[in-house]
């Protein structure tokens, strides 16, 4: 009987050693995705209308890889991206311009480059404009296309709302003040400005070079102007030859961690280069 009890004891101890290693960190299966029990991680990203379509598409891809995460992307301009990130109203802000000195308290992660293009309708006979002529059009010194060799027609000046980053880049490059612009029409995002020119042969507008190039390839009746004899093509933007360019940047209030860090790392990875190029932006490689 004693011998039998010893054998049972040894058997129990042996089974315990076989079992408990399966319960420690090394022997357990890989950690399962967080919040798969119906309570997903939610991220809110707000800001630049230029970046909205790109980040929304990246977010959808990210969600397929991380089913525990749900990402909402809202437009509203780079100003909103800065303020929402700083005030904690969004997890990540989108900013399509260089940060000012006052904004460098935020953590920034540039993922692509873009340019600003000035566009006319394809039926407008004016093929090029100088920097001074663009400035004079937007400040009301030139009001008729005939002055520039075009037809006798009033110029419809399309200007964005003040919060859009393209405004800052445009006014800085052409050395004009936003309040001095004599706009015929105030529009919002890139697609609205594009539509204003498509619908009006006498209009002039400026918008994301990526949006303009993509729309022209799709058959939109627009003429994208060159500056300093350099066209705003993807190649000229990445080489720095085109003068009106900007970074596309994600910003956060604090050093990213958790799901925010995972998403930003994904945005900066080779996995999204194809998506960036689909939108005619240039992957940021500085």
Considering only residues that are in contact with a helix residue (DSSP H, G or I) (Cβ under 7 Å, 6 or more places away or on another chain), crowded, with 18+ Cβ neighbours inside 10 Å and free of Cβ contacts under 8 Å to residues at least 60 places away in the same chain, look in the range 175-219 and name the one that is farthest from residue 158 (Cα to Cα).
215
Going through 38, 76 one at a time, which residue ends up being touching a helix residue (DSSP H, G or I) at 6+ places or on another chain (Cβ under 9 Å), on the phi > 0 side of the Ramachandran plot and either at pLDDT below 95 or outside any loop (DSSP other than H, G, I, E, B) (or both)?
76
Matching residues in the range 133-152 (touching a residue at least 12 places away in the same chain (Cβ under 8 Å) and either in a helix (DSSP H, G or I) or within 21 Å of residue 175 (Cα to Cα) (or both)) number 11
Is it fair to say residue 162 is under 28 Å from the mean Cα position of the chain (by Cα) and surrounded by fewer than 17 Cβ atoms within 10 Å (Cβ to Cβ)?
yes
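The values are calculated or read from the model by the stated rules, or taken from the named source; none is laboratory data. Everything quoted here is computed from the prediction, not taken from an experiment. Cβ sites come from the backbone with ideal geometry, for glycine too, and all protein chains shown count toward neighbours.
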